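All remarks here apply to the structure that follows.
The values are calculated or read from the model by the stated rules, or taken from the named source; none is laboratory data. Values in this document were obtained by computation on a predicted structure and should not be read as measured data. Cβ: placed from backbone, ideal geometry, glycine included. Neighbour counts: every protein chain shown.
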């Protein structure tokens, strides 16, 4: 294979380089490290040919907005393209001609689902790329060709979409000097929010693995990019995309209230995952952590339960407010509950005092019974009781006990 035709240096695709990056950043799955590198390479190849008409979205784009310690792997390339079917096919044929060299690699095979779940105009392809990994690491049969498969998706749009350019210097899989055209962060969050609501516009329950993955991206964008998110822009983009998804899936009269109810229902399920018998969701949370995240990232059922309440608060703010004041206040209270001023026995006594106050004053807001809340840590109790209507009271009472 002629690596001079690639954007990334041949060294970046070596086993040693991948192993070093994996160990440096605490990732466990070298197969997905390699796939993400190929995600980036093939997007650059496509971007070179389609120019400003192609924009990267989805999980791959999200990682450019997160610090390395919070990034996850991605095995798909999701793109928005303004152009013709012929341009897509010509682009892929050109990549095959330039990189394939009469080999079995870089042959783009279009996937046409028998029972599509959406009427969105799109093209999905599967493509084999070279691999330096063993057959066991690739979960392949012994003697199989040294390859991995990527999924590539073009969502066809009638008009060019806005984008921002980011350099891949701070990406876990490779240190890249190249510019990538990405959805702006507010638009990206709005797009990600439409994946919630499993019975209306979101990812359905038969794809729980994808659900959990999308939830993670929403949470991380909120945590790390909150100050950059334009709430009015998020709302505008979300409502526009939600309506489009509704018509493409339902074909009936658009009903935003049904979507809102559905989103709340799914978030409620996630907010209770550490307090009930939802073994299915717990399994997908644990599987996601093992496959996609580095070992230092906290992503337990309890973490998911807390952040589901955060996302609920953010979602309600996005629909009704003109700023993120409720979200910021809740996060501020969470930081207060770390009790960083206290140590040892004094800290233990303060934790007990605050726990008793929170349960006594606010347990009625929680779906978790008070006797069970008593066994939870302060942050878990906060996210079980928090509501935009009680934030001021919670903050006031916590401050009184800390000061």
Q.
Take the conditions farther than 17 Å from residue 220 by Cβ and modelled with pLDDT of 95 or more and apply them to residue 261. Does it pass?
A. yes
Q: Taking residue 89 as meeting all but one of (1) modelled with pLDDT under 95; (2) farther than 17 Å from residue 170 by Cα, write down the number of the exception.
A: (1)
Q.
For a quick check of your reading of the model, give me the residue pairs whose first member lies in the range 123-139 and is closer than 27 Å to residue 157 by Cα, whose second is part of a loop (DSSP other than H, G, I, E, B), with beta-carbon atoms closer than 7 Å and at least 6 apart or on different chains.
A. 125/108; 127/106; 127/107; 127/108; 128/104; 128/105; 128/107
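Restrict the check to the range 278-292 and report whether at least one residue is in a helix (DSSP H, G or I), surrounded by 13 or more Cβ atoms within 10 Å (Cβ to Cβ) and in contact with a strand residue (DSSP E or B) (Cβ under 6 Å, 6 or more places away or on another chain).
So the first thing to find is which residues in the range 278-292 are in a helix (DSSP H, G or I), and the list is 279-292.
Narrowing further to those that are surrounded by 13 or more Cβ atoms within 10 Å (Cβ to Cβ): 281-289, 291-292.
This time we only want the ones that are in contact with a strand residue (DSSP E or B) (Cβ under 6 Å, 6 or more places away or on another chain), so: 292.
The answer is yes; a qualifying residue exists.
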Q) Applying the selection to the range 195-222, what residues are surrounded by fewer than 17 Cβ atoms within 10 Å (Cβ to Cβ) and under 12 Å from the mean Cα position of the chain (by Cα)? A) 209
Q.
Which of the helices (runs of 4 or more DSSP H) found entirely inside the range 356-403 contain at least 2 residues meeting this: on the phi > 0 side of the Ramachandran plot, outside the structural domain of residue 338 (by TED's automatic domain parsing) and crowded, with 18+ Cβ neighbours inside 10 Å?
A. none
Q. Does the range 35-48 contain any residue that is at pLDDT below 95, buried (at least 20 other Cβ atoms within 10 Å of the Cβ), assigned to a helix (DSSP H, G or I) and over 19 Å from the mean Cα position of the chain (by Cα)?
A. no
**Q.** Entirely in the range 129-218, the strands (runs of 3 or more DSSP E) that have 2 or more residues that are closer than 21 Å to residue 27 by Cβ, in contact with a strand residue (DSSP E or B) (Cβ under 7 Å, 6 or more places away or on another chain) and modelled with pLDDT of 95 or more
**A.** 147-157
Q: Please specify each residue of the range 52-103 satisfying the condition of being under 21 Å from residue 148 (Cα atoms), touching a strand residue (DSSP E or B) at 6+ places or on another chain (Cβ under 8 Å) and in a loop (DSSP other than H, G, I, E, B).
A: 73, 75
(Q) Against the conditions (1) in a helix (DSSP H, G or I); (2) out of contact with any helix residue (DSSP H, G or I) (no Cβ under 9 Å at 6 or more places or on another chain); (3) at pLDDT 95 or above, where does residue 244 fall short? Just the number, please. (A) (3)
